[in-house]
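What follows is a single structure, written as structure tokens, with notes after it.
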Amino acid sequence: MALEKLREISPAVIKPVSSNKGKGVSVNVTTETFEPAWLAAWVPGTNKVLVEKFFANGNEARYLVVGGRCVAVVLRVPPTVYGDGSSSVGQLIDLQNEIRRSNPCLRKYPIVMDGYRRTILRSQGYSLESVPTAGAKVIIDWKGGLSSGAQPRNITSEAHMTMKRVAERVVASVPGLDVAGVDILARDHLAEATPDNYIVVEANTRPGIHGHHFPVFGQPINVCRIVAENCARNMGFDIQVLRERIGKFSTQAPTSLSVKNQRATRREFRSEARPCPAVKNSVSPSPAPCCATPPS
């Protein structure tokens with residue numbers, strides 16, 4: 001039945017109904033690549049495998065929404081190598097993995113070959129032993145998960161405002177959801193969010209933020225601070241006062257505050273906090289404009 005559905009909508013996406021970090025997900029699947037894609041998605045003891053139409057020529061990006069605003073966007077560049085005229089595909093992958101080991105975001109996620117990825121190579125006329133010509137582009141996988149070999153590129157300032165608004169509306173549709181990562185496939189993230197330009201893949205309530213902090217391309221964004229300040233704001237703290245005090249403490253030696261003084265400071269912060277009804281339902285029904293340049 002799954003193969004019949006694939007023939008009807010090919011190319012397709014095949015993935016487990018319940019999974020994370022791109023495990024078992026195959027995209028741009030055709031009848032030629034169906035078998036390894038199905039085996040990658042199939043979990044013994046369950047028959048829940050999703051087959052859906054593939055959004056052609058789309059690039060995946062993670063839109064991070066905090067407190068109703070899109071504060072960061074990272075494009076996920078699928079695992080790809082470029083020929084130098086002398087190295088094999090396998091050697092080029094090894095070089096990519098050396099680069100990944102030096103990045104805190106990617107060091108735990110090397111590019112790993114499997115049957116499905118070898119099929120993708122064969123569809124381009126390559127094997128791991130092939131030596132691509134200089135400048136030749138070799139796609140290792142079509143999907144763009146960082147944990148499966150993709151590279152993060154910061155496009156926060158370039159992404160079109162209407163694309164950011166789409167992410168904000170997705171998060172606002174879930175009552176009480178204050179921090180989320182929205183995955184969007186778009187043919188052009190820098191263009192307007194027209195129906196033929198994008199689809200929303202999913203929203204993650206526990207989004208990974210390391211790609212925003214350690215992009216391979218572009219400047220990092222300290223989204224950890226943005227999230228922390230949003231939490232403090234929901235608790236009733238004066239963010240400007242907090243910034244001033246944190247800045248003052250960070251310039252002092254670690255031993256400059258005694259344990260007694262640290263406890264007194266914490267009590268002082270707590271005394272300033274007020275009960276905040278927005279904590280439970282903190283997503284504004286009318287999200288604020290996108291933040292192209294979040295606080296550093």
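Any read-out appearing in this document is the output of simple, stated calculations on the displayed coordinates, not a laboratory observation. This is a predicted model, so every value here is computed, not measured. Virtual Cβ from ideal backbone geometry, glycine too; neighbours counted across all protein chains shown.
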Between rounded, prolate and oblate, where does region 79-142 land on the alpha carbon gyration tensor, with a ≥ b ≥ c its root eigenvalues, rounded for a/c under 1.5, else prolate if a/b exceeds b/c? oblate
How much length is gained if the chain between SER157 and ASP238 is pulled fully straight, taking 0.36 nm per residue apart and subtracting their Cα-Cα distance, in nm to one decimal? 26.4 nm
Quick note on TYR198, TYR126, ordering by fewest other C-beta atoms within 10 Å, gives TYR126, TYR198
Please list, or write none, the aspartates and glutamates whose alpha carbon is within less than 16 Å of the alpha carbon of LYS108, excluding same-chain residues fewer than 8 places away. ASP94, GLU98
Links exceeding 18 Å between C-alpha atoms in this model, out of LYS143/LYS164; LYS53/LYS164; LYS23/LYS48; LYS5/LYS48; LYS15/LYS143, come to LYS143/LYS164; LYS53/LYS164
Only counting other Cβ atoms within 10 Å, I'd like LYS48, LYS5, LYS143 sorted with the fewest neighbours first. LYS48, LYS5, LYS143
Checked region 9-149 with the C-alpha gyration tensor, a ≥ b ≥ c its square-rooted eigenvalues, rounded below a/c of 1.5, otherwise prolate if a/b is larger than b/c and oblate if not; verdict oblate
HN-Hα couplings for region 229-242 via Karplus (6.51, -1.76, 1.60; θ = phi - 60°), in whole Hz with x for Gly/Pro, come out as 5, 5, 5, 5, 5, 5, 7, x, 6, 7, 5, 5, 5, 4
HN-Hα couplings for region 119-127 via Karplus (6.51, -1.76, 1.60; θ = phi - 60°), in whole Hz with x for Gly/Pro, come out as 5, 4, 4, 4, 5, 9, x, 10, 9
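Are there GluC sites (Glu not before Pro) in region 37-134 that DSSP puts in a loop and that have at most 16 other Cβ atoms within 10 Å, and which ones?
The qualifying sites are GLU129.
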Apply the Karplus parameterisation 6.51 cos²θ - 1.76 cosθ + 1.60, with θ equal to phi minus 60°, to every residue of region 63-71 and state each ³J(HN,Hα) to the nearest whole Hz, in sequence, with x for glycine and proline. 9, 8, 10, 10, x, x, 10, 7, 9
When GLU4, GLU158, GLU168 are ranked with the fewest other C-beta atoms within 10 Å first, the list becomes GLU4, GLU158, GLU168
Under 5 Å between amide hydrogens, which residues at least 5 positions from VAL66 or on another chain qualify, with H placed 1.01 Å from N in the peptide plane? VAL71
Can you pull the one-decimal nm distance between simple spin-label points at ASN97 and ARG122, each 7 Å off the Cα toward Cβ? 2.2 nm
